[in-house]
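**Q** There's a structure below that I have some questions on.
The values are calculated or read from the model by the stated rules, or taken from the named source; none is laboratory data. Remember, predicted model here, so these are calculated numbers, not experimental data. In this analysis, Cβ positions are derived from the backbone assuming ideal geometry, glycine residues included, and neighbour counts consider all displayed protein chains.
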Amino acid sequence: MSVSYRPESLDELLSLMSEKDLIPFAGGTDLMVQNAGVDGPDFSKDVVFLAHLKELKEIKREGNNLIIGSAATLSDIENHDDVPELLKKAVSEIAAPALRNRGTMGGNICNASPAGDSIPPLYVLDASFRLLSCKGERVLKAEGFFKGPGKTDRQKDEILKDVIVPLKEWNIRKYRKVGTRAANALTKCSITAAAKTKNGIIDDLSIAFGAVGPVIIRDKNIENKLIGLSVHDVKGKIDSIISDYSTVIVPIDDQRSTAVYRKKVCLNLLREFLKEHFSREM
Amino acid sequence: MKQKINFTLNGKSVSVETDPLKRLIDLLRDDLSMISVKEGCGEGECGACSVLLNNEIVNSCLIPVGTIIGASIETVEGIRESESGKRIIDAFAVEGAVQCGYCTPGMMVGAEWILRKYDKPTPDEIRVALSGNLCRCTGYDMIINAVETAAKRGLK
């Protein structure tokens, strides 16, 4: 039977993490389901509760970045004025209020589900993660952190301290997920996209697809080909952009959907995004 | 490994010696006789086990009791004694918001949460707030109407 720890401070948490092999437990909304047993939760290792630690809950601006504590709840994020709209929208559509009141940013990240809906906006917004251990800290880009379904670069003695989101100006945004119903349905696929255009030229562009690969799909090569083009150029290239993305979106069949459906819908969502925002002069 | 867990249940201090990994729903039902709290899916998807934790709606099936030390927990056993709880009960009866009744305690907790958050909740706000509470009988309209009615009656 597993034992649980409840450290009183971040320092105590870090020393527990360095001494033992523990499951960091924040909101528990995924862990309690994944480790459900006949007579209550049945964890493979001991667990350490951390969502009560104030040091991990703060959401604050620091220069041009927004720092989101890993134990900030999805509701905290949804209701915070400084959170970028794309992240707010994605988080507000996760599960239902009771779950968002417990589920955390850090949990959604470290659980590393390809269908974790807060993650695509973090790719698009160029977020990084600050990992902390007794030995010190390291900061990783979102792309470098995820290694596959349920797999991340977090080491055994590390905790995710916070998420660093650069506060950039985007004048074009889209988030749309497709699932069987609005609440409490895991995502079949999603698109998150942001762009900055100035005088009809694309200054910056970022597009990510969720739930259609072992990790979130974002292709900077395709993006770089589009940055610098005029909005008018894009209008004539929609089919070739979609064909570029069709080679990188490689979903699978599972209980929620099929590979064929997911790919088709993703490319349709991409076409919708491009047509909505790049089919007229700006 | 048992541990002493202190928290507030429906306004009263409670101290229990229990496994901190025990689910809150099991503690409430089996040890503290709060049987209004129902288990539906056990995965946080149906809302039958909804309780208020520090005034916010949560799924008690997903909460180990070791995480609620010092917190305030409220169930229908407490809510029904309050003025707003009585209004909710009356409104559910008037609007026909109860059929089989299994989802009702969770819906009442959701209704109480809504009344604390909004003076005049709109039907859309009620639908979003109750989006995690499933009802397989009513088709929801009567429940949405009941929450609206309970809110309106509270404004007088």
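**Q** Which condition breaks for B:Glu125 when tested against (1) over 26 Å from B:Lys4 (Cα atoms); (2) away from every other protein chain (no Cβ under 13 Å); (3) assigned to a helix (DSSP H, G or I)?
**A** If we test B:Glu125 against (1) over 26 Å from B:Lys4 (Cα atoms); (2) away from every other protein chain (no Cβ under 13 Å); (3) assigned to a helix (DSSP H, G or I), just (2) comes out false.
**Q** Considering only the stretch A:247-270, how many residues are assigned to a helix (DSSP H, G or I) and more than 18 Å from A:Pro120 (Cβ to Cβ)?
**A** Initially, the stretch A:247-270 is screened for residues assigned to a helix (DSSP H, G or I), giving A:247-248, A:259-270.
Subset that is more than 18 Å from A:Pro120 (Cβ to Cβ): A:247, A:259-261, A:264.
So the count comes out to 5.
**Q** Among the residues of the stretch A:56-76, are any within 30 Å of A:Ala259 (Cβ to Cβ) and assigned by TED's automatic domain parsing to the domain that holds A:Glu143?
**A** Filtering the stretch A:56-76 for residues within 30 Å of A:Ala259 (Cβ to Cβ) gives A:74.
Going one step further and asking which of them are assigned by TED's automatic domain parsing to the domain that holds A:Glu143, we end up with A:74.
The answer is yes; a qualifying residue exists.
**Q** Give the residues of the stretch B:51-83 that are within 13 Å of chain A (Cβ to nearest Cβ), under 10 Å from the mean Cα position of the chain (by Cα) and among the hydroxyl-bearing types (Ser, Thr, Tyr), sorted by residue number.
**A** The one that is within 13 Å of chain A (Cβ to nearest Cβ), under 10 Å from the mean Cα position of the chain (by Cα) and among the hydroxyl-bearing types (Ser, Thr, Tyr): B:Ser60.
**Q** Sticking with this structure for a sec: Checking B:Ser60 against (1) buried (at least 19 other Cβ atoms within 10 Å of the Cβ); (2) more than 20 Å from A:Ala51 (Cα to Cα): exactly one of these is not met. Which one?
**A** Unmet condition: (2).
**Q** Between A:Glu158, A:Glu169, A:Glu137, which is at pLDDT below 95 and acidic (Asp, Glu)?
**A** Details: A:Glu158 fails: at pLDDT below 95; A:Glu137 fails: at pLDDT below 95.
After applying the criteria, what remains is A:Glu169.
**Q** Kindly provide the set of residues from the stretch B:95-107 that are away from every other protein chain (no Cβ under 13 Å), in contact with a helix residue (DSSP H, G or I) (Cβ under 6 Å, 6 or more places away or on another chain) and touching a residue at least 60 places away in the same chain (Cβ under 8 Å), ordered by number.
**A** Scanning the stretch B:95-107 gives a single hit, B:Pro105.
**Q** Follow-up. Can you name every residue in the stretch A:179-196 that is buried (at least 19 other Cβ atoms within 10 Å of the Cβ) and away from chain B (no Cβ under 14 Å)?
**A** Result: A:Thr187, A:Lys188, A:Cys189, A:Ser190, A:Ile191, A:Thr192, A:Ala193, A:Ala194, A:Ala195.
**Q** Further, regarding this structure: With B:Ala111, B:Ala150, B:Ala93 as the choices, which residue is assigned to a helix (DSSP H, G or I) and either within 15 Å of the chain's Cα centre (by Cα) or under 21 Å from A:Asn184 (Cα atoms) (or both)?
**A** Numbers: B:Ala150 fails: either within 15 Å of the chain's Cα centre (by Cα) or under 21 Å from A:Asn184 (Cα atoms) (or both); B:Ala93 fails: either within 15 Å of the chain's Cα centre (by Cα) or under 21 Å from A:Asn184 (Cα atoms) (or both).
Among B:Ala111, B:Ala150, B:Ala93, only B:Ala111 is assigned to a helix (DSSP H, G or I) and either within 15 Å of the chain's Cα centre (by Cα) or under 21 Å from A:Asn184 (Cα atoms) (or both).
**Q** Looking at A:Ser113, A:Ser70, which one is within 26 Å of A:Ser206 (Cβ to Cβ) and crowded, with 23+ Cβ neighbours inside 10 Å?
**A** On the way: A:Ser113 fails: crowded, with 23+ Cβ neighbours inside 10 Å.
After applying the criteria, what remains is A:Ser70.
**Q** Then there's this: Can you tell me which of A:Lys88, A:Lys54 is of a type in the set (D, E, K, R) and either surrounded by 15 or more Cβ atoms within 10 Å (Cβ to Cβ) or within 11 Å of chain B (Cβ to nearest Cβ) (or both)?
**A** Working: A:Lys54 fails: either surrounded by 15 or more Cβ atoms within 10 Å (Cβ to Cβ) or within 11 Å of chain B (Cβ to nearest Cβ) (or both).
That would be A:Lys88, the only listed residue that is of a type in the set (D, E, K, R) and either surrounded by 15 or more Cβ atoms within 10 Å (Cβ to Cβ) or within 11 Å of chain B (Cβ to nearest Cβ) (or both).
**Q** Among B:Asp19, B:Asp31, which is within 20 Å of A:Gly37 (Cα to Cα), more than 7 Å from chain A (Cβ to nearest Cβ), surrounded by 16 or more Cβ atoms within 10 Å (Cβ to Cβ) and at pLDDT 95 or above?
**A** Numbers: B:Asp31 fails: surrounded by 16 or more Cβ atoms within 10 Å (Cβ to Cβ).
Residue meeting the stated conditions: B:Asp19.
**Q** Restricting the stretch A:15-25 to residues that are more than 9 Å from every other protein chain (Cβ to nearest Cβ), under 26 Å from the mean Cα position of the chain (by Cα) and without any contact (Cβ under 8 Å) to a residue 40 or more places away in the chain, which is farthest from B:Asp26 (Cα to Cα)?
**A** Restricting attention to the stretch A:15-25, the residues satisfying the condition of being more than 9 Å from every other protein chain (Cβ to nearest Cβ) are A:15-24.
After this cut, where a residue has to be under 26 Å from the mean Cα position of the chain (by Cα) as well, the list is A:17, A:21-24.
Now restrict to residues that are without any contact (Cβ under 8 Å) to a residue 40 or more places away in the chain: A:22-23.
Numbers: A:Leu22: 24, A:Ile23: 22 Å.
The residue in question is A:Leu22.
**Q** Being touching a helix residue (DSSP H, G or I) at 6+ places or on another chain (Cβ under 9 Å), facing another protein chain (nearest Cβ under 10 Å), free of Cβ contacts under 8 Å to residues at least 40 places away in the same chain and assigned to a loop (DSSP other than H, G, I, E, B) narrows it down to one residue among A:Gly40, A:Gly28; which is it?
**A** Working: A:Gly28 fails: free of Cβ contacts under 8 Å to residues at least 40 places away in the same chain.
On inspection, the qualifying residue turns out to be A:Gly40.
**Q** Is it true that B:Lys152 is within 13 Å of another protein chain (Cβ to nearest Cβ), surrounded by fewer than 20 Cβ atoms within 10 Å (Cβ to Cβ) and either out of contact with any Cys (no Cβ under 7 Å at 6 or more places or on another chain) or closer than 14 Å to B:Ala48 by Cα (or both)?
**A** Working: within 13 Å of another protein chain (Cβ to nearest Cβ): no; surrounded by fewer than 20 Cβ atoms within 10 Å (Cβ to Cβ): yes; either out of contact with any Cys (no Cβ under 7 Å at 6 or more places or on another chain) or closer than 14 Å to B:Ala48 by Cα (or both): yes.
It is false that B:Lys152 is within 13 Å of another protein chain (Cβ to nearest Cβ), surrounded by fewer than 20 Cβ atoms within 10 Å (Cβ to Cβ) and either out of contact with any Cys (no Cβ under 7 Å at 6 or more places or on another chain) or closer than 14 Å to B:Ala48 by Cα (or both).
**Q** Right, here's the next one. What single numbered condition from (1) more than 21 Å from A:Pro121 (Cα to Cα); (2) buried (at least 19 other Cβ atoms within 10 Å of the Cβ) fails to hold for A:Tyr175?
**A** (1)
**Q** Consider the stretch A:224-244. How many of its residues are surrounded by 13 or more Cβ atoms within 10 Å (Cβ to Cβ) and out of contact with any Leu (no Cβ under 6 Å at 6 or more places or on another chain)?
**A** We begin by selecting, within the stretch A:224-244, every residue surrounded by 13 or more Cβ atoms within 10 Å (Cβ to Cβ); these are A:225-227, A:229-235, A:237-238, A:241-242, A:244.
Going one step further and asking which of them are out of contact with any Leu (no Cβ under 6 Å at 6 or more places or on another chain), we end up with A:225, A:229-235, A:237, A:241, A:244.
The number of residues fulfilling the criteria is 11.
**Q** Moving on. For the stretch A:43-65, how many residues meet the condition of being farther than 20 Å from A:Arg100 by Cα and assigned to a loop (DSSP other than H, G, I, E, B)?
**A** Residues in the stretch A:43-65 being farther than 20 Å from A:Arg100 by Cα and assigned to a loop (DSSP other than H, G, I, E, B): 5 in total.
**Q** Evaluate the following for A:Ile68: is it within 14 Å of another protein chain (Cβ to nearest Cβ) and in a strand (DSSP E or B)? Show your work before the answer.
**A** Working: within 14 Å of another protein chain (Cβ to nearest Cβ): no; in a strand (DSSP E or B): yes.
Here the answer is no, as A:Ile68 does not meet what is asked.
**Q** Scan B:Phe92, B:Phe7 and give me the residue that is more than 14 Å from chain A (Cβ to nearest Cβ) and in contact (Cβ under 8 Å) with a residue 40 or more places away in the chain. Can you show your working first?
**A** On the way: B:Phe7 fails: more than 14 Å from chain A (Cβ to nearest Cβ).
One residue alone meets the criteria, B:Phe92.
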